[in-house]
Amino acid sequence: MVFFRCIVATAAALCFALPSSSMASYLEHSEARKFIDELVAEHQFNAAELKSLFKQISRQDQVIEAMSRPAERVLRWKEYRPIFITDKRIAGGVKFWNEHYDILASAEKEYGVPAEIIVAIIGVETFFGRYKGKHPAMASLATLAFDYPPRSKFFRSELQHFLLLAKEESLDPLEIKGSYAAAMGMPQFISSSYRAYAVDFDKDGRRDLWMSIPDVVGSVGNYFKRHGWQPGAAVAERVTPDGDAHKNLISKKLKPRLSVDQLADAGISLTQQAAGKKSLYSFLGDSGEELWVAHKNFYVITRYNHSKLYAMAVFELSNLIKQARAQTS
């Protein structure tokens, strides 16, 4: 039996066939077998070992459902903010910072990323390690690589990175769990990011983003540094423009495109310093519209998650954690 899934795209519904869940394992999937042959030929994997792994995993229907269900309505800032800006998360951030002060200080010195930003990322991603994901990562990636055509190319690449990562770090591919899209560990790195940006900050010979706080903290710092974080520069600032000339400058995309002169001509003066282009964002808060100028460092946060709401949540949480910690010191 073949099932069909339709996704509402911009102009029309995109439909594709889903194979029956009666398939016993991915070793029976023709594309998976081709994939195994590629790994053996290109990366010198052991064919028998790979076949054994793929024989033990099968399609995860819940993963396809999570990826292909119609997108939830777009949240506004006043609805998104309460998800992450909570007293418990702020208190958890203060506790995490105090417990791992030396590690965070070392990472800040090494990578130039403030401790509060690193703490806030871990807080937003997994509530400081409480929620790392429950889905078997290899099965999730295989499902998306071979049974989810809209993003099969990307997830096929991620599955390759995952198996290479497991080989490099001496991990059991079948034991690793993560999000439904196989983001892993306390900072929720996907496989390609894990291989590219994770660091062995505790110098024990392996990069462990599940149990090693030094590796987690150092890896987040390295990720931000490699994506262009500007040490000591501003992230974002709320502004109150003169007049309405700014309205045509409000940004729809994440990549900064505005100069300081453009903002000044639109009646926006800045009080914080940061090199590079800016973005002007409008957020709907509890008290109405909020206008924010986002600097380069704000854009760097969106490289972690491509959402201005996510970046704003990290930024505000980082400030609140820093303030709360200062008050209790």
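The values are calculated or read from the model by the stated rules, or taken from the named source; none is laboratory data. The structure displayed is predicted, hence computed values, not measured ones. Reconstructed Cβ throughout: ideal geometry from the backbone, glycine too, with neighbour counts over all protein chains shown. To get the accessible areas, we keep the full protein, side chains included, count just its heavy atoms, and leave off ligands, DNA and RNA. Shrake-Rupley method; radii C 1.70, N 1.55, O 1.52, S 1.80 Å.
Quick notes on this one:
- Options Ala234, Ala182: the member that is outside any helix (DSSP H, G or I) and closer than 24 Å to Leu317 by Cβ: Ala234
- Screening Ala181 with (1) open to solvent by 10 Å² or more (accessible area, probe 1.4 Å); (2) under 27 Å from Arg325 (Cα atoms) gives one miss only, at (2).
- Test: Phe146 is at positive phi and either in contact with a His (Cβ under 9 Å, 6 or more places away or on another chain) or touching a residue at least 40 places away in the same chain (Cβ under 8 Å) (or both): no
- Cross-chain or 6+ apart pairs with Cβ under 6 Å, segment 120-135 first and in contact (Cβ under 8 Å) with a residue 24 or more places away in the chain, then open to solvent by 40 Å² or more (accessible area, probe 1.4 Å) and assigned to a loop (DSSP other than H, G, I, E, B): Thr126/Lys132; His135/Tyr180
- Taken over segment 207-228, the criterion of being open to solvent by less than 20 Å² (accessible area, probe 1.4 Å), assigned to a helix (DSSP H, G or I) and either basic (Lys, Arg) or out of contact with any helix residue (DSSP H, G or I) (no Cβ under 8 Å at 6 or more places or on another chain) (or both) is satisfied by Asp215 alone.
- Tally, over segment 75-113, of residues that are in a loop (DSSP other than H, G, I, E, B) and either among the charged types (D, E, K, R) or surrounded by 22 or more Cβ atoms within 10 Å (Cβ to Cβ) (or both): 2
- Candidate set: segment 241-254, residues that are part of a helix (DSSP H, G or I) and out of contact with any Asp or Glu (no Cβ under 8 Å at 6 or more places or on another chain); chosen: the one least open to solvent (accessible area, probe 1.4 Å): His246
Condition check ((1) loosely packed, with under 12 Cβ neighbours inside 10 Å; (2) not small (Gly, Ala, Ser)) across all residues:
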position	(1), (2)
Ala234	no, no
Val239	no, yes
Pro256	no, yes
Val260	no, yes
Ala266	no, no
Ser269	no, no
Gln273	yes, yes
Ser279	no, no
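- Residues in segment 39-60 that are in contact (Cβ under 8 Å) with a residue 60 or more places away in the chain and open to solvent by less than 90 Å² (accessible area, probe 1.4 Å): 10 in all.
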